[in-house]
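The values are calculated or read from the model by the stated rules, or taken from the named source; none is laboratory data. None of these values were measured; they are calculated from a predicted model. All Cβ positions, even for glycine, are placed from backbone atoms using ideal geometry, and neighbour counts span all protein chains on display.
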Amino acid sequence: MDLNTKLFEGESVVDLDHISLSIGDLKEKPTREEFYTNYPFFKHWKNESNSYALHPGGINIYIHIPFCIQICDYCFYMKELIKSKSHVDNYIETLRLEMKSVSEALGLKKRIVNSIYIGGGTPSVLTEEQFNKLMEALHEFHEIKNVEFTFEAEPGTFNKNKLGWYKDAGVNRISMGVQSFDDNIIKYSSRKHSAMQAIKSVEMIKDLGGFSINVDLLSGLAGESMQTWVDSLQIALNQNVDMLTIYKMKTYANTVFFKKGVRTNEIQLPSDTEELAYMGAALDLISGTDYKPWSSFAFSNNGYMHRYAENTWRGQDLVAYGVSSFGKIGNINYQNLNNMDTYAERVSKSLFPLYRTYTLSHKDLMVKELLLCAARLTSYSKQEFINKFGFDYFNFIPETIEELTLKGYITDNRDELTLTRQGMLFGDFVGKVLASGLKSKMGDDNIGFSY
């Protein structure tokens, strides 16, 4: 007769030693004293988070403007050529309706806005009327005060007058996708501006004042050589902007570069080895300047920080408006519909224009933190991960940490994860390895990585 049967038959004495548990070094003897109603136990509760409990967390806003005056050969984002003024007018009205539906349904007017990013496409193609209507909608459905407000602007599509609108509306950061300061490289990418226009655009923004400036470069464009690349870098550094961001040129299947440079070899793209040499040259050139790494691919002048990227990588909510835009509310990632007509139709019916979603598990959140923050942001501390998730990932995946150290990707600093020069060159690879180590330790899943 087993123990449970004896208990139900009225046996009054239970041998507690007999039913005690031995799990590794853990020895647990059962007791009737336990009665749990919460965790952690109340004696551990403090008042440091009272203000957060009483006020909803802040949000970040992304607005996608898909219209362009040309389609760049490397661009994989959702975009289309401007068909007519009325076409853009209709899209701005659809954005207003989407903001109304989403903000009212989720109570977003009550939540503080931490940052705004208007990207594309080419937002700087908007007319004054279209821009003002967009700003009116933003303020009608959100509480906006003293935020980092980024507006993407392409050289040749804005002037001092437009910059005045942006400044009056609270825009305080201009991000320019220059990509190259070599006219031939620019032409090979099917862009319409010139290197001199880009330089003049930077000067124009500085003359007006009130904006921080980011300049994007792409390493590995068609026609690039080490000489043209170093020359572009030097010109970019000479502009003395607040942030210089250097992206790796990656060919996606929906781009002209993929069709002509991968499928048919009509154009010659730099090899992976050549592109790696370009980024190495960039690190060497930048190291002798006032620019310091802000992330594994962006460099800050005089301590400038990009709040939108930091906030969203760190997991703050991102409310995304516009066709094909990506956002996150709580632990749900989402993307809006990527077809303009179906997006507009859904919004016109006061429905969320969702295309697809993904609910992040606690493991997903930890993996995302390592992938986007620990190996990317130089401002990210190990303690921040401990505060969020309750453990030190250095101790949780020691084999991964030791291998990355041994092979020269990170330093032997165990208080913070610090990338070496080699780690900077392969920043996303380091993030992937850290994340894979964590995923393996916590149990396999069906979500892989591509690199």
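Just wondering, is there one or more residues in the stretch 253-261 that are modelled with pLDDT under 95, buried (at least 16 other Cβ atoms within 10 Å of the Cβ) and assigned to a loop (DSSP other than H, G, I, E, B)?
yes
Going through Ala169, Ala137, Ala105 one at a time, which residue ends up being assigned by TED's automatic domain parsing to the domain that holds Tyr247, among the small types (Gly, Ala, Ser) and in contact with a Lys or Arg (Cβ under 6 Å, 6 or more places away or on another chain)?
On the way: Ala169 fails: in contact with a Lys or Arg (Cβ under 6 Å, 6 or more places away or on another chain); Ala105 fails: in contact with a Lys or Arg (Cβ under 6 Å, 6 or more places away or on another chain).
Criteria check complete, one pass: Ala137.
Buried (at least 19 other Cβ atoms within 10 Å of the Cβ) and either modelled with pLDDT of 95 or more or outside any helix (DSSP H, G or I) (or both), is that true of Tyr308? Lay out the reasoning, then the answer.
Values: buried (at least 19 other Cβ atoms within 10 Å of the Cβ): yes; either modelled with pLDDT of 95 or more or outside any helix (DSSP H, G or I) (or both): yes.
Yes; evaluated as a whole, the condition is true for this residue.
Does Met243 count as surrounded by 15 or more Cβ atoms within 10 Å (Cβ to Cβ), at pLDDT 95 or above and of a type in the set (A, V, I, L, M, F, W, C)?
yes
The conditions are (1) under 30 Å from Glu98 (Cα atoms); (2) surrounded by fewer than 13 Cβ atoms within 10 Å (Cβ to Cβ); (3) modelled with pLDDT under 95, and Lys349 fails exactly one of them. Which is it?
Exception for Lys349: condition (3).
Considering Phe396, Phe429, Phe391, which residue is surrounded by fewer than 18 Cβ atoms within 10 Å (Cβ to Cβ) and under 21 Å from the mean Cα position of the chain (by Cα)? Quick ask: steps written out before the conclusion?
Values: Phe396 fails: under 21 Å from the mean Cα position of the chain (by Cα); Phe391 fails: under 21 Å from the mean Cα position of the chain (by Cα).
Going through Phe396, Phe429, Phe391 in turn, the sole match is Phe429.
Contact list please: Cβ distance under 9 Å, first residue in the stretch 116-136 and free of Cβ contacts under 8 Å to residues at least 40 places away in the same chain, second residue part of a helix (DSSP H, G or I) and of a type in the set (S, T, N, Q), pairs at least six apart or on different chains.
Glu128/Asn161
Does the stretch 203-219 include one or more residues that are among the charged types (D, E, K, R), farther than 17 Å from Thr245 by Cα and buried (at least 17 other Cβ atoms within 10 Å of the Cβ)?
Looking only at the stretch 203-219, we keep the residues that are among the charged types (D, E, K, R), and these are 203, 206-207, 216.
Keeping just the survivors that are farther than 17 Å from Thr245 by Cα gives 203, 206-207.
In the following step, the residues that additionally are buried (at least 17 other Cβ atoms within 10 Å of the Cβ) were identified as none.
Within the stretch 203-219 (the criterion being among the charged types (D, E, K, R), farther than 17 Å from Thr245 by Cα and buried (at least 17 other Cβ atoms within 10 Å of the Cβ)), the answer is no, since none of the residues qualifies.
Out of (1) outside the structural domain of Lys109 (by TED's automatic domain parsing); (2) without any contact (Cβ under 8 Å) to a residue 60 or more places away in the chain, the odd one out for Gly327 is which?
(2)
In the stretch 419-449, how many residues are farther than 22 Å from Ala277 by Cα and part of a loop (DSSP other than H, G, I, E, B)?
Looking only at that region, the number is 7.
Rundown of residues vs (1) modelled with pLDDT under 95; (2) touching a strand residue (DSSP E or B) at 6+ places or on another chain (Cβ under 6 Å), yes/no style:
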position: Ser361; (1), (2): yes, no
position: Val367; (1), (2): yes, no
position: Cys373; (1), (2): yes, no
position: Leu377; (1), (2): yes, yes
position: Ser381; (1), (2): yes, no
position: Leu406; (1), (2): no, no
position: Leu425; (1), (2): yes, no
position: Val430; (1), (2): yes, no
position: Val433; (1), (2): yes, no
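Among the strands (runs of 3 or more DSSP E) confined wholly to the stretch 93-184, which include 2 or more residues that are within 20 Å of Ser212 (Cα to Cα) and touching a Gly at 6+ places or on another chain (Cβ under 6 Å)?
In the stretch 93-184, 148-152 are the strands (runs of 3 or more DSSP E) which contain 2 or more residues that are within 20 Å of Ser212 (Cα to Cα) and touching a Gly at 6+ places or on another chain (Cβ under 6 Å).
Looking at this structure, is Phe385 without any contact (Cβ under 8 Å) to a residue 24 or more places away in the chain, exposed (fewer than 14 other Cβ atoms within 10 Å of the Cβ), hydrophobic (A, V, I, L, M, F, W, C) and over 30 Å from Asp284 (Cα atoms)?
Criteria not met by Phe385.
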